[in-house]
Amino acid sequence: MDEIVMGITQAIDLIVTLNPEVLHIAALSVYISLAATLLAACVSIPLGGLIHFREFRGKSILKVIIQTLYSVPTVVVGLLLYLLLSRSGPLGLFGLLFTPEGMILGQMVLIIPITTGLVISALSGVDRNISDTLVSLGATEFQCIVQIVKEARLAILSAVILAFGRAISEVGVAMMIGGNIAGQTRVLTTAIALQTGMGDFGFSIALGIILLSIALVVVVSLNIITSGLSSEHQQVLGGPRS
């Protein structure tokens, strides 16, 4: 019990005094995860839309594969990327192993299936009457797609934010691709694992508090954005009905 109390006290001191190492680890974690999320969104949102709006052979099988990839262990993704990015691997010439850029690539590979699948689900959840009404009014295919995406924007935004949470909290890819190098690739999750193993509970608790705080900020931001967009949607419809 004394170790826990001392650890929490030390953690508070590290955060209050703005410990440079703690700040660097936190900033690098946010940078890597945010970059991976934005790049993954640029791939998965169009990809999810393409899969949803187009009919082709094997579409249902592809959806099952994407959903299966939701639960792929991060260490498996890390292992595959390690083999690809190592010096003897096909991508070794780019020198991405043990770099922040390599970690961004790893997190992208991890979260693209999640975001793509959730985008497909978001678009599928839009009432078909909307597209039928648009077609009856003479809207083009592109106009129908734009309107359906607008209707699903809240769910798509939630998918992107969920992907960020998945990226910043994973440890397998970060450890295997980044190597947990101090000052270069050490992020919140890998630092917590390392410092806990070394018995430095105060440092680990400080990083854990920061990680939880980031998660809280993400959730609160999602709720604020969702509430704002919902209010805007109600105003477009003529205001909330009594």
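Nothing in this text is a laboratory measurement; each read-out follows from the coordinates by a stated rule. Only a predicted model underlies this, so the values are computations on that prediction, with no experimental measurement involved. Because the Cβ atoms are built from the backbone with ideal geometry, glycine has one as well, and the counts that use them run over all protein chains shown.
State the percent of C-alpha pairs, over all pairs in region 68-140, separated by a distance greater than 16 angstrom.
63 percent
Which FRET efficiency value, to the nearest 0.05, is calculated for Ile61 and Ile209 with the Förster distance at 35 angstrom and r the Cβ-Cβ distance?
FRET efficiency, Ile61 to Ile209: 0.20.
Hey, what's the Cα Rg ratio for region 2-236 versus the globular rule of thumb, 2.2 N^0.38 Å?
The value comes to 1.20.
Tell me, Val64, Val218 in order of fewest to most beta-carbon neighbours within 10 Å?
Arranged by neighbour count, lowest to highest, Val64, Val218 become Val64, Val218.
For the peptides 67-75, 112-120, what is the packing order when you average, over each peptide's residues, the other Cβ atoms within 10 Å and list the highest mean first?
Answer by packing, highest mean first, reads 112-120, 67-75.
I need the phi-derived Karplus couplings for region 203-216: 6.51 cos²θ - 1.76 cosθ + 1.60, θ = phi - 60°, integer Hz, Gly and Pro marked x.
Using θ = phi - 60°, the values come out as 5, 5, 5, 4, 5, x, 4, 5, 4, 5, 5, 4, 4, 5 Hz.
Would you mind telling me which residue in Arg153, Arg87, Arg57 has the biggest mean-square fluctuation in a Gaussian network model of the chain, where springs connect alpha carbons within a distance under 10 angstrom?
Judging by the Gaussian network model, the answer is Arg57.
Quick one: order Phe203, Phe98 by neighbouring beta-carbon count within 10 Å, fewest to most.
Phe98, Phe203
Using the Cα centre of the chain as the reference point, and only Cβ charges (+1 on K/R, -1 on D/E), how large is the resulting charge dipole? Debye, rounded to the nearest 20.
That gives a dipole near 780 debye.
What distance in nm separates the simple spin-label points at His24 and Phe53, each placed 7 Å from Cα in the Cβ direction?
4.6 nm
Taking the beta-carbon count within 10 Å as an exposure proxy, list Cys144, Cys42 from fewest neighbours to most.
Cys42, Cys144
Work out from phi, with θ = phi - 60° and the Karplus expression 6.51 cos²θ - 1.76 cosθ + 1.60, the ³J(HN,Hα) of each residue of region 118-126, listed in order in whole Hz, and give x for Gly and Pro.
Values per residue, Gly and Pro as x: 6, 5, 4, 5, 5, 5, 5, x, 6 Hz.
Using the Cα gyration tensor of region 158-200, with a ≥ b ≥ c the square roots of its eigenvalues, what is the shape: rounded (a/c below 1.5), prolate (a/b larger than b/c) or oblate (neither)?
It comes out prolate by the Cα gyration axes.
Averaged over all directions, how much area does the convex hull of the C-alpha atoms of region 39-98 cover when projected, in nm²?
For region 39-98, averaging the hull's shadow over all directions gives 5.6 nm².
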